Amino acid sequence: MSIFSHFQQRFESTRQEELSLQEYLELCKGDRSAYASAAERLLLAIGEPELIDTSTNSRLSRIFSNKVIRRYPAFADFHGMEECIDQIVSYFRHAAQGLEEKKQILYLLGPVGGGKSSLAEKLKQLMEKVPFYAIKGSPVFESPLGLF
């Protein structure tokens, strides 16, 4: 792959597209992510976890006390933070369901060097994966469904 074809492919994947309201409503019929909230888009980017039964591995059973842990492929670089990541994903899952977490702010608290900034950067990177649709010229990037 030449550098020009790579650049063209990257440009096409990140290019903004303009839709009429009718086209947007047609897109919403078939794709739930077109009108998803921020928490729902982040859950789509994180993906489904792989369940690991630690009772079958003697080393992992000593670390995790024979629990079944969830490991998310999006956070494969974060070792030993499975419980913390699971709490963060649980927070976004509850926010996506419209529960109390929807109105709360995620606050990462921990010791120096605990990986808070790395987690925040990864969440920001994942948030940029799933596109969102906004009204052109809107100062607050308002959803087109806000017109109704």
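May I ask you to say which residue of SER90, SER61 is polar (S, T, N, Q) and either loosely packed, with under 14 Cβ neighbours inside 10 Å or under 30 Å from GLU18 (Cβ atoms) (or both)?
Values: SER61 fails: either loosely packed, with under 14 Cβ neighbours inside 10 Å or under 30 Å from GLU18 (Cβ atoms) (or both).
The match here is SER90.
PHE11 passes all but one of (1) out of contact with any Pro (no Cβ under 7 Å at 6 or more places or on another chain); (2) surrounded by 15 or more Cβ atoms within 10 Å (Cβ to Cβ); which number fails?
All conditions pass for PHE11, except number (2).
Considering only residues that are assigned to a loop (DSSP other than H, G, I, E, B) and either aromatic (Phe, Trp, Tyr) or under 13 Å from ILE46 (Cβ atoms) (or both), which ones fall in the stretch 72-82?
Passing the criteria: TYR72, ALA76, PHE78.
What about ILE46, is it touching a residue at least 12 places away in the same chain (Cβ under 8 Å), within 16 Å of LEU123 (Cα to Cα), aliphatic (A, V, I, L, M) and surrounded by 10 or more Cβ atoms within 10 Å (Cβ to Cβ)?
Considered against the rule, which asks whether it is touching a residue at least 12 places away in the same chain (Cβ under 8 Å), within 16 Å of LEU123 (Cα to Cα), aliphatic (A, V, I, L, M) and surrounded by 10 or more Cβ atoms within 10 Å (Cβ to Cβ), ILE46 comes out as yes.
Quick one: which residue in ILE69, ILE52, ILE85 is surrounded by 14 or more Cβ atoms within 10 Å (Cβ to Cβ), assigned to a helix (DSSP H, G or I) and not assigned by TED's automatic domain parsing to the domain that holds VAL140?
ILE85
Go through the residues of the stretch 129-139 one by one and say whether even a single one is farther than 17 Å from GLU18 by Cα, outside any loop (DSSP other than H, G, I, E, B) and at pLDDT 85 or above.
Applying the first criterion (farther than 17 Å from GLU18 by Cα) to the stretch 129-139 yields 129.
With the extra rule that they be outside any loop (DSSP other than H, G, I, E, B), the set shrinks to none.
No, there is no match, as no residue in the stretch 129-139 is farther than 17 Å from GLU18 by Cα, outside any loop (DSSP other than H, G, I, E, B) and at pLDDT 85 or above.
In this structure, does SER58 turn out to be in the same structural domain as ALA96 (by TED's automatic domain parsing) and over 29 Å from TYR91 (Cα atoms)?
On the way: in the same structural domain as ALA96 (by TED's automatic domain parsing): yes; over 29 Å from TYR91 (Cα atoms): yes.
Yes: the conditions hold for SER58.
Could you check how many residues of the stretch 1-36 are without any contact (Cβ under 8 Å) to a residue 60 or more places away in the chain and not in a helix (DSSP H, G or I)?
Final tally of qualifying residues: 7.
Would you call GLY98 of a type in the set (Gly, Ala, Ser), exposed (fewer than 13 other Cβ atoms within 10 Å of the Cβ), in the same structural domain as GLU48 (by TED's automatic domain parsing) and at pLDDT below 95? Full working, then the answer.
Working: of a type in the set (Gly, Ala, Ser): yes; exposed (fewer than 13 other Cβ atoms within 10 Å of the Cβ): yes; in the same structural domain as GLU48 (by TED's automatic domain parsing): yes; at pLDDT below 95: yes.
Spelling it out, GLY98 is indeed of a type in the set (Gly, Ala, Ser), exposed (fewer than 13 other Cβ atoms within 10 Å of the Cβ), in the same structural domain as GLU48 (by TED's automatic domain parsing) and at pLDDT below 95.
If you go through the stretch 93-128 one residue at a time, how many are outside any helix (DSSP H, G or I) and over 15 Å from the mean Cα position of the chain (by Cα)?
In the first step, residues of the stretch 93-128 are kept if they are outside any helix (DSSP H, G or I); the result is 97-99, 104-115, 128.
Then keep just the ones that are over 15 Å from the mean Cα position of the chain (by Cα); that gives 98-99, 104-105, 107-115.
Of the residues in the stretch 93-128, 13 are outside any helix (DSSP H, G or I) and over 15 Å from the mean Cα position of the chain (by Cα).
I'd like to verify a number: residues in the stretch 17-50 that are over 30 Å from LEU99 (Cα atoms) and either under 20 Å from the mean Cα position of the chain (by Cα) or among the small types (Gly, Ala, Ser) (or both), how many? Outline the logic, then answer.
Taking the stretch 17-50 and keeping what is over 30 Å from LEU99 (Cα atoms), we get 17-20, 22-23.
Imposing the further condition that a residue be either under 20 Å from the mean Cα position of the chain (by Cα) or among the small types (Gly, Ala, Ser) (or both) reduces the set to 20.
Qualifying residue count, the stretch 17-50: 1.
Among the numbered criteria (1) under 24 Å from GLY115 (Cα atoms); (2) modelled with pLDDT of 90 or more; (3) assigned to a helix (DSSP H, G or I), which single criterion is violated by ARG62?
The one condition ARG62 does not meet is (2).
The values are calculated or read from the model by the stated rules, or taken from the named source; none is laboratory data. This structure is a prediction, so every number in the text was calculated from the model and none was measured. Cβ coordinates were reconstructed from backbone atoms using ideal geometry, including for glycine residues, and neighbour counts include every protein chain displayed.
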